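Engineer: Mind looking over this structure? Questions follow.
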Amino acid sequence: MMKKQDNELDQNGYSIIKGTSIEAFSEYVLCFGEVINTTEVKVKENPKAFVTSSKAIPFHTDHHAADYVAWFCREQASVGGETMLIDTTKILYQYSVDELEELKGIHFTEHTLFEGDVGSCPLLDMSFKNKWKIYYSFELHGNPKTHNPTLRKLENDISNLTAITIRLMPGDALIIDNRRMLHGRSQIQGNKHRHLTRYWIK
Ligand SMILES: [Fe+2]
């Protein structure tokens, strides 16, 4: 069994594991908690969801119930398909208490998948040990008439920060703190044979 690398994950918000196997990695993710969802991420002919299209995916977090998201790379496309990460702690530390309070009042729409899901989640949540947890998705909940200036500032800060770019190759795996690191993906091009197994860990 692989050794749990939680120091790296705690410090950087992500950890890369090279040269593993799907069997070893499936066992490894259990060190972090319960796997609440496993998805095969592949490009589909007629995609119904973003994740199965070949399009670039803007920065977001996955479902708020996933404390960690992990991917094992089975195959990579001949061109593109890079995973991109933004560490929100590098942005939020400079926000005032009032600005953070304002972000706590903004909600994004979320798919209802698990018991207790209400269809939305606040952008910021305070967890135990005074640690901020972020939820950042594509659609604002409740159709707000005006775009909040603090949210605009956050969007600006996200687009100005240089993303960590990772190109996973077969046998590589990545685990991220989903409530801290935003993730996105560059367009999948070339043979489009990208195939990742994704785990949501609670
Ligand atoms: Fe995602």
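The values are calculated or read from the model by the stated rules, or taken from the named source; none is laboratory data. In this text, all values refer to a predicted model and were calculated from it rather than measured experimentally. Backbone-built Cβ (ideal geometry, glycine too); neighbour counts: all protein chains shown.
Engineer: Pull out all pairs, ordered by first then second residue, where Cβ-Cβ is under 9 Å, the residues are six or more apart or on different chains, the first lies in region 188-199 and is closer than 10 Å to S54 by Cα, and the second is β-branched (V, I, T) and assigned to a strand (DSSP E or B).
Structural biologist: These pairs meet every condition: I188/V79; Q189/V79; K192/V79; R194/V41; R194/I188.
Engineer: For region 63-99, how many residues are within 15 Å of the ligand (Cβ to nearest atom) and under 17 Å from E155 (Cα atoms)?
Structural biologist: Looking only at that region, the number is 4.
Engineer: Would it be correct to say that S120 is within 29 Å of S54 (Cβ to Cβ) and in contact with an Asp or Glu (Cβ under 7 Å, 6 or more places away or on another chain)?
Structural biologist: yes
Engineer: Still on this structure, I have one more. Provide a single number: the residues in region 119-148 that are under 20 Å from the mean Cα position of the chain (by Cα), over 17 Å from N178 (Cα atoms) and not small (G, A, S).
Structural biologist: Matching residues across region 119-148 total 3.
Engineer: Quick check on my filter: what residues within region 175-200 are surrounded by fewer than 21 Cβ atoms within 10 Å (Cβ to Cβ), away from the ligand (no atom under 12 Å from the Cβ) and in a strand (DSSP E or B)?
Structural biologist: Q189, H195, T197
For every residue, the table says whether it meets (1) modelled with pLDDT of 95 or more; (2) assigned to a helix (DSSP H, G or I); (3) surrounded by 14 or more Cβ atoms within 10 Å (Cβ to Cβ); (4) out of contact with any helix residue (DSSP H, G or I) (no Cβ under 8 Å at 6 or more places or on another chain).
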position: M2; (1), (2), (3), (4): no, no, no, no
position: L9; (1), (2), (3), (4): no, yes, yes, yes
position: S15; (1), (2), (3), (4): yes, no, yes, no
position: T20; (1), (2), (3), (4): yes, no, yes, no
position: S26; (1), (2), (3), (4): yes, yes, yes, yes
position: V29; (1), (2), (3), (4): yes, yes, yes, yes
position: I36; (1), (2), (3), (4): yes, no, yes, yes
position: K44; (1), (2), (3), (4): no, no, no, no
position: K48; (1), (2), (3), (4): no, no, no, yes
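Engineer: Could you check, for region 102-113, whether at least one of its residues is surrounded by 15 or more Cβ atoms within 10 Å (Cβ to Cβ), of a type in the set (S, T, N, Q) and away from the ligand (no atom under 15 Å from the Cβ)?
Structural biologist: Checked region 102-113: no residue is surrounded by 15 or more Cβ atoms within 10 Å (Cβ to Cβ), of a type in the set (S, T, N, Q) and away from the ligand (no atom under 15 Å from the Cβ).
Engineer: Here is a follow-up. Looking at this structure, is I158 modelled with pLDDT of 95 or more, crowded, with 16+ Cβ neighbours inside 10 Å and either not aliphatic (A, V, I, L, M) or not in a strand (DSSP E or B) (or both)?
Structural biologist: yes
Engineer: Which condition number does A65 fail, the rest of (1) of a type outside the set (V, I, T); (2) in a loop (DSSP other than H, G, I, E, B); (3) over 22 Å from S15 (Cβ atoms) being met?
Structural biologist: If we test A65 against (1) of a type outside the set (V, I, T); (2) in a loop (DSSP other than H, G, I, E, B); (3) over 22 Å from S15 (Cβ atoms), just (3) comes out false.
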